[in-house]
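Note sheet for the following structure.
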Amino acid sequence: GQSLEQPSEVTAVEGAIVQINCTYQTSGFYGLSWYQQHDGGAPTFLSYNALDGLEETGRFSSFLSRSDSYGYLLLQELQMKDSASYFCAPNYGGATNKLIFGTGTLLAVQP
Amino acid sequence: GAVVSQHPSWVICKSGTSVKIECRSLDFQATTMFWYRQFPKQSLMLMATSNEGSKATYEQGVEKDKFLINHASLTLSTLTVTSAHPEDSSFYICSATSGRGYNEQFFGPGTRLTVL
């Protein structure tokens, strides 16, 4: 089977840096995606790691280490609007290109 | 670009009735569409993957006779919840990919189904 574990909740203050970890037990995926979802809204794409290492996209960075079965999302210069749920999701590509979402992390940014 | 719409945004129905939810890609042709359900404060659970003109592939544990998926064109997929019951009440979200580049999934705004 496959499993994806994330911390259920993280709290941080505005301007800070926060790291959301994702550990997984799965194989055969092409890369690891990260999505953000505000309460009641649609998930939106944040970042994707096709290869091991760090990918930087503005205030968001994501890291993948396949040998450690581990990835993380790094959010810098936190803003109140970053309060949302964050999901890691392996992308299985190929003919299906399906995503399997992790347990999700609820980030609360405080003033 | 890459906008996905869903209709309706919310629906309330009586137990035993069927409900159809539409998912449309508005500005691109979607080679593949996906259907998820999400319970409050939980993650998205993939229900099925559908490719235009072929039968949907359902994830383990999802009843294909209860959740009928039709992907009639490259811009439209429908999910029909047949004989809905209160336990089917959930947030249903579709997504679509264009098949180009990384194959990023673009998500619709979701449909909140309440079965009385």
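The values are calculated or read from the model by the stated rules, or taken from the named source; none is laboratory data. From a predicted model like this one, the values you see are computed outputs, not experimental measurements. Counting neighbours? That spans all protein chains shown, and the Cβs are built from the backbone with ideal geometry, glycine included. When the accessible area is computed, the model is the full protein with side chains, heavy atoms only, and any ligands, DNA or RNA have been set aside. Shrake-Rupley method; radii C 1.70, N 1.55, O 1.52, S 1.80 Å.
May I ask you to verify whether B:PHE34 is away from chain A (no Cβ under 11 Å) and closer than 23 Å to A:GLN6 by Cβ? Criteria not met by B:PHE34. Which of the residues belonging to the range B:49-92 are without any contact (Cβ under 8 Å) to a residue 24 or more places away in the chain and part of a strand (DSSP E or B)? Residues satisfying the conditions are B:THR49, B:ASN51, B:THR57, B:TYR58, B:LEU68, B:ASN70, B:ALA72, B:SER73.
Every residue, every condition in (1) in contact (Cβ under 8 Å) with a residue 40 or more places away in the chain; (2) in contact with an Asp or Glu (Cβ under 8 Å, 6 or more places away or on another chain); (3) of a type outside the set (Gly, Ala, Ser), yes or no:
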residue: A:PRO7; (1), (2), (3): yes, no, yes
residue: A:TYR24; (1), (2), (3): yes, yes, yes
residue: A:THR44; (1), (2), (3): no, no, yes
residue: A:ASP52; (1), (2), (3): no, no, yes
residue: A:TYR70; (1), (2), (3): yes, no, yes
residue: A:GLN76; (1), (2), (3): yes, no, yes
residue: A:TYR92; (1), (2), (3): yes, no, yes
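For the range A:70-111, a residue qualifies if it is modelled with pLDDT of 95 or more, part of a strand (DSSP E or B) and of a type in the set (A, V, I, L, M), and the qualifying residues are A:LEU73, A:LEU74, A:LEU75, A:ALA84, A:LEU106, A:LEU107, A:ALA108, A:VAL109.
Taking the range A:38-59 as the range and being more than 22 Å from B:LEU44 (Cα to Cα), open to solvent by less than 60 Å² (accessible area, probe 1.4 Å) and not small (Gly, Ala, Ser) as the test, only A:ARG59 passes. Under the condition of being surrounded by fewer than 20 Cβ atoms within 10 Å (Cβ to Cβ), of a type outside the set (D, E, K, R) and away from chain B (no Cβ under 14 Å), the residues counted in the range A:73-111 number 8.
Just give me the residues in the range B:51-68 being within 14 Å of chain A (Cβ to nearest Cβ) and at pLDDT 90 or above, in sequence order. B:ALA56, B:THR57, B:TYR58, B:GLU59, B:GLN60, B:GLY61, B:VAL62, listed by residue number.
Against the condition surrounded by fewer than 18 Cβ atoms within 10 Å (Cβ to Cβ) and over 26 Å from A:TRP34 (Cα atoms), how does B:GLY53 come out, does it pass?
Criteria met by B:GLY53.
Residues that are part of a strand (DSSP E or B), among the aromatic types (Phe, Trp, Tyr) and within 13 Å of another protein chain (Cβ to nearest Cβ) were ranked within the range A:1-51; the one that is nearest to B:SER5 (Cα to Cα) is A:PHE45.
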